Structure formats: structure tokens, C-alpha cells
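K.L.:
Questions regarding the structure given below will be posed in turn.
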Amino acid sequence: MIEKAFQTAQTEDGQTGGLQINVTSDIGLIPVANAVISIAYTRTPETALESLQTDSSGQAEEVQLMAPPLSYSLTPESPMPYSEYNVTVEAPGYEPVMISGVEVLPDVTAVQNIRMTPTETADEEEEIIEIPDHTLYGEYPPKIPEDEIKPMDETGEIVLSRVVIPEYIVVHDGVPNDSSAPNYYVRYKDYIKNVASSEIYATWPESSIYANILAIQSFTLNRVYTEW
């Protein structure tokens, strides 16, 4: 029933959002030309809506896809404010890639970067990537509360001696006290972009987007400065 109401709203509202797809090789980030791209609704993946091909720069032509009403992303507790699409990419000499759940909001352009693995270095025949629900829409466990005042060790310096904008930061893939969870080195700029895209809707007013990104940067750099 929810899905039917969502599709009806799409038809009545007639709003669309853009999707720009860029394809590069996983080795050397070389653009992949002449890659064939198929786009379908995530709920009906067997029916292709668009078929595209990348140019010499690995970029496909931007397409307009159906999206829910703009008001959904501006009002709390609204129905899902974005459409979900499956993107399948095939290219000679590379293993196919399928991304499920690409999110498209109305009146803005979503950019989906895709990396393909050369056939001779691939460990599997097809890479399948599933994008989870946006954190503003999906149901996730509440964040772990933190003490306002952190305990300090008796030895060692807890605050860095100078302001540093790092090139990389360490991301712990688990709860803080789980020592078995892996750590990943992620470029600082990429980390900020990834967090922002999962906590902010691109349809928000520009001032709201700026404010949220500044908050994300402040929180992240505080962890870097204080080594918490």
C-alpha cells in the first residue's frame, strides 16, 4: 500500500531528479569509456528504464528520473523522500558492477561514482553494492551517548600542539569498545562528503546545508585535535 501511494504521488506530482554516473577503473582511476549502463527501479530491477553509455572521460549523459514530491524531504516523518534505482554497469575487460538503492531526490542531481575492477585482477564475477536507507529515513540504533567531560590519562598529551587539517582520518568500523572491528584510512574530504550525503538531503535550503556541514567538520576535527 505504501509503495502504491508513493508511485501515485510520483505520477501526480511529476517531479524528477537528475542522475550523473561516472565510471573509472579501480586501478589508476582511469576513465572507463564505452561502458554500458542500465538503470531500473530497485523494486522492479528486471525492467530497464534507461540505457546509457560512457564517453571517453568515463562520464554518462545526465538523465532525469522520477522522484517524490519535494515537500517529502522538507517535512519530518514524511514518506520516503527519494526514489531508489538499481544501476548496472558492464564494460569490456572489466567485471560487471551492480549498485542497488541509488537515491534520487527531486530538483537536484545525484552523482554516482562507480569503480570497475579489471577482469584479470577480479576475485569475483560481479560486484554487488547495496546502499542502505538514508539515516534520516531508515530505522537505525540510537547513537551511543558520550560523557560531556572525557577522562584524561595521567601521562601523554591529549590535545595536539597545533591545528592540523588531516589528509586522512582513521574510521573505526564498529562501536568504540569493539577492538575486533577494523579501522580504515579515509581521505578527510571524502569522509566529510560521505557523512554529509548520509545525514543531509540535497534539497534542503543552502544555509541549512552549510550549517550541517560545518557541524560535521567541527565534530570530526575535534576528535582529531583531542585524539578522542
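All of the numbers you see were taken from the coordinates with simple rules; none came from a lab. Everything quoted here is computed from the prediction, not taken from an experiment. Glycine also receives a Cβ, built like all others from the backbone with ideal geometry; neighbour counts cover every protein chain displayed.
K.L.:
Could you work out which residue, out of 106, 176, 205, moves most in a Gaussian network model of the chain, that is, has the largest mean-square fluctuation with Cα springs under 10 Å?
P.N.:
It is 176.
K.L.:
Would you mind getting me the FRET efficiency between residue 46 and residue 111? Use the beta-carbon distance for r and R0 = 30 Å, nearest 0.05.
P.N.:
0.70
K.L.:
Mind giving me the FRET efficiency for residue 53 and residue 144? R0 is 45 Å, r the Cβ-Cβ distance, nearest 0.05 is fine.
P.N.:
Values: r = 46 Å, r/R0 = 1.02.
Taking R0 as 45 Å, the efficiency between residue 53 and residue 144 is 0.45.
K.L.:
Report the relative contact order of the chain, percent, no decimals, based on alpha-carbon pairs under 8 angstrom and at least 6 residues apart.
P.N.:
18 percent
K.L.:
Compute the length gained on full extension between residue 209 and residue 225: take 0.36 nm times their separation in residues and subtract their Cα-Cα distance, giving the result in nm to one decimal.
P.N.:
3.4 nm
K.L.:
Taking the Cα-to-Cβ direction at residue 168 and at residue 199 and moving 7 Å from each Cα, how far apart do the two end points lie in nm?
P.N.:
The two pseudo-label positions are separated by 2.3 nm.
K.L.:
Dividing the Cα convex hull volume of the stretch 25-74 by residue count, how many Å³ per residue is that?
P.N.:
In the stretch 25-74, the Cα convex hull volume per residue is 131 Å³.
K.L.:
Pick from 95, 206, 126: which is most flexible by mean-square fluctuation in a GNM of the chain where alpha carbon atoms under 10 Å apart are linked?
P.N.:
Largest GNM mean-square fluctuation: 206.
K.L.:
Just want the ordering: 179, 38, from fewest to most Cβ atoms lying within 10 Å of their own Cβ.
P.N.:
The fewest-first ordering by Cβ neighbours comes to 179, 38.
K.L.:
While we're on this one: Can you compute the FRET efficiency between residue 129 and residue 78 using 1/(1 + (r/R0)^6), with r the Cβ-Cβ distance and R0 = 25 Å? Round to the nearest 0.05.
P.N.:
0.40
K.L.:
Another question, then. Pairs of Cα atoms under 8 Å, at least six residues apart: use those to get the relative contact order of the stretch 36-148, whole percent.
P.N.:
Averaging sequence separation for qualifying contacts and normalising by length gives 21 percent for the stretch 36-148.
K.L.:
Work through the residues other than residue 64 whose Cβ is under 12 Å from its Cβ and net out their charges, Lys, Arg +1 and Asp, Glu -1. The partial results should precede the final answer.
P.N.:
Numbers: positive: none; negative: 50, 61, 62, 107.
Local net charge: -4.
K.L.:
For the chain, with a Gaussian network of springs between Cα atoms less than 10 Å apart, report the residue from 102, 171, 23 with the top mean-square fluctuation.
P.N.:
Among 102, 171, 23, the largest GNM mean-square fluctuation belongs to 171.
K.L.:
Taking 0.36 nm per intervening residue step and subtracting the Cα-Cα distance, what contour gain separates residue 136 from residue 161 on full extension?
P.N.:
So the chain would gain 5.3 nm between residue 136 and residue 161.
K.L.:
What size of dipole, in debye to the nearest 20, comes out for the chain about its Cα centre when the only charges are +1 on Lys and Arg C-beta atoms and -1 on Asp and Glu C-beta atoms? Kindly include the intermediate steps, with their values, before the conclusion.
P.N.:
On the way: 10 positive and 37 negative charges, 134 e Å.
Dipole about the Cα centre, nearest 20: 640 debye.
K.L.:
A follow-up question, please. Taking K and R as +1 and D and E as -1, what net charge do the other residues with C-beta under 11 Å from the C-beta of residue 169 add up to?
P.N.:
Cβ neighbours under 11 Å give a net charge of +1.
K.L.:
Also, quick follow-up: Under a point spin-label approximation (7 Å from Cα along Cα-to-Cβ), what is the residue 175-residue 187 distance to one decimal in nm?
P.N.:
3.4 nm
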